[in-house]
1. Relative to the longest principal axis of the chain, what angle (0 to 90°, nearest 10) does the C-alpha long axis of helix 93-106 take?
2. Roughly how many Å is it from the Cα centre of the stretch 59-86 to that of the stretch 8-51, as a whole number?
3. Taking R0 as 41 Å, what FRET efficiency do you get between residue 4 and residue 95 from their Cβ-Cβ distance, rounded to the nearest 0.05?
4. When the convex hull of the Cα atoms of the chain is projected onto a plane and the area is averaged over all directions, what value comes out in nm²?
5. If one takes the longest principal axis of the Cα atoms in the chain, at what angle in degrees, from 0 to 90 and to the nearest 10, does the Cα axis of helix 2-15 lie?
6. Using only DSSP helix segments of four residues or longer, with each worth -39500 (n - 2.57), what per-residue ellipticity at 222 nm results for the chain after dividing by its residue count and rounding to 500?
7. Kindly express, to the nearest 10 degrees and within the range 0 to 90, the angle between helix 21-36's C-alpha long axis and the longest C-alpha principal axis of the chain.
8. Would you kindly work out the equivalent ellipsoid of the stretch 1-51 from its C-alpha gyration tensor and give its semi-axes, the square roots of five times the eigenvalues, largest first in whole Å?
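Every read-out reported here was derived from the displayed coordinates using simple, explicitly stated rules and does not represent laboratory data. Small disclaimer: the values here were computed from a predicted structure and weren't measured. Glycine gets a Cβ as well: all are built from the backbone with ideal geometry, and neighbour counts include every protein chain shown.
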């Protein structure tokens with residue numbers, strides 16, 4: 001039930017007042033970033049689970065759901081950005097910082 005609610009809220013914000021597919025792609029990039037924020041709140045799952053008053057297994061499920069939504073939204077955003085055309089420029093700070101964050105996020109943490 002919680003997972004469906006989480007997906008529904010993300011889809012609502014993705015589709016709310018969205019007139020084109022490209023604007024949905026831009027919103028998906030923002031939502032991916034918003035969904036990524038809770039993933040970096042703590043270095044240890046145990047500390048954040050204790051702070052929120054959740055069991056460690058429940059917090060791990062929430063962490064996984066946020067991570068999956070981040071990946072789905074950023075993938076949707078990237079696919080639509082590729083179809084948008086040759087508007088990508090390294091001089092645009094949003095593009096540069098987006099690639100830096102994506103590279104850091106995709107780097108495996110042992």
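1. Computed tilt is about 40 degrees.
2. 9 Å
3. The pair residue 4/residue 95 has a calculated efficiency of 0.75.
4. Answer in nm², one decimal: 8.2.
5. That works out to roughly 20 degrees.
6. -24500 deg cm²/dmol
7. For 21-36 against the chain, the angle is about 30 degrees.
8. That gives 28, 14, 6 Å for the three semi-axes.
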